[in-house]
Amino acid sequence: MPTPSPPATIDCEVYTPTALTRLVRDLLEDALPLVWIEGEISNFARPASGHLYFTLKDAGAQVRCAMFRPKAGWLRFRPADGMRVLARARVSLYEARGEFQLIIEALEEAGAGALQRQFDELKARLAAEGLFDAARKRALPRLPRRLGVITSPTGAAVRDVLSVLQRRYPLLEVDILPVPVQGKEAPPAIVAALAAAARAQHHDVLLLTRGGGSLEDLWAFNDEAVARAIRASPIPVVSAIGHETDFTIADFAADLRAPTPSAAAELIVPDRHDLMRTLGQQRARLGQWMQRRFEARSQHLDHLLARLQAQRPQARLARERERAQRLQLRLGVTMRHGLERHAATLA
């Protein structure tokens, strides 16, 4: 059996596993001191130590994460598997296993989860102020003359609203107050439209509306400034944001919330056919009342005539006439005798 040859002399540096992992760790931490990463939590664990351990993953990869107790104590939500989060982290290497990992410095919900938390916090704060109290909500006029619709002039919502209004109550004057209904520019534009309508005082009712969408799409209507502008409006405000299952801060601040734009139009104006039917019923009741009054007056007049006839006024008048004639004759005789006596005295 041949004797194995001795290993060749190695001229480069030879690392131990510890030295290599430490070198890689240092390189990672120097090259990427802090990064932002978004992903889905899986394998979440919170041992008795108070540290948090989990994996962040997407469709193509995953990375182990650790968040130590001092940082974890500042969290404003409870992480859980399946939750999408945004993390600020230091890239590092767990030397004991030679595994790449992230040391989480800050963690917050991402996407719809983060927005939902912001929604809940703002809703609770404004409710505690009394901004949503029922006592502060105003009734809508029964027969509005002019409506201001604050919405996108090109969206499906405005078409639905105008169609329903034309069908139910064509006498209503409608002004479209155009605003963007999505994006960062939407909240200040909505606030400005509400303020302009308040200054003009042309409208009996204002309708704030847009079609459906995701929580992100509807986020402009969860703006605190929009809610306060609605509550400050001297004109009653109806909100109709999205679909029936969508609720926004604007809905809670408004004087009336409608589940859809079409439903809002139905709540704002009566149906002309119902009005005509009501008018016909009132006309019939008025006619019946007048007929009853006429019949009652006629019966009263008949009663008076009957009493008058029972007293035979013509015979009574004849007797009084004869009595007057007798008195006239007696008066004539008395006057003649008096004159004769007066003449005799003078003679």
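Calculated mean residue ellipticity at 222 nm for the chain: -15500 deg cm²/dmol, from DSSP H runs with n ≥ 4 weighted as -39500 (n - 2.57), summed, divided by the residue count and rounded to 500.
Taking only the C-alpha atoms of segment 142-270, the Rg (one decimal) and the largest Cα-Cα distance, Dmax (whole number), read 13.0, 37 Å. Counting only residues at least eight positions apart within a chain, or on another chain, the lysines with an alpha carbon under 22 Å from that of LYS57 are LYS71. Counting only DSSP beta bridges whose two residues both lie in the chain, roughly 55 percent are antiparallel.
At full extension, LEU140 and ALA310 could sit 55.1 nm farther apart than now, given 0.36 nm per residue minus the alpha carbon distance. Straight-distance candidates among the lysines for linking to LYS123, with alpha-carbon spacing under 25 Å and chain neighbours fewer than 8 residues away dropped: LYS137, LYS184.
Modelled label positions at ALA128 and LEU34, each set 7 Å beyond Cα in the direction of Cβ, lie 2.9 nm from each other.
In plain terms, the residue of TYR94, TYR169 with the fewest other Cβ atoms within 10 Å comes first and the most crowded comes last, giving TYR94, TYR169.
Sorted ascending by nearby beta carbons within 10 Å, beginning with the fewest, MET67, MET290 become MET290, MET67. Diffusion coefficient (Stokes-Einstein, Kirkwood radius over C-alpha pairs, 37 °C, 0.692 mPa s) for the chain: 112 µm²/s, rounded to a whole number. What you get for the chain, charging only the Cβ of Lys and Arg (+1) and of Asp and Glu (-1), is a dipole of about 4480 debye around the Cα centre. Per residue, the average separation of C-alpha pairs within less than 8 Å and at least 6 apart gives the chain a relative contact order of 11 percent.
Every number in this text was worked out from the coordinates using simple rules, so none of it is lab data. The model shown is predicted, which means the values in this text are computed figures rather than measured ones. Please note: Cβ atoms are built from the backbone with ideal geometry, for glycine as well, and neighbour counts cover all protein chains shown.
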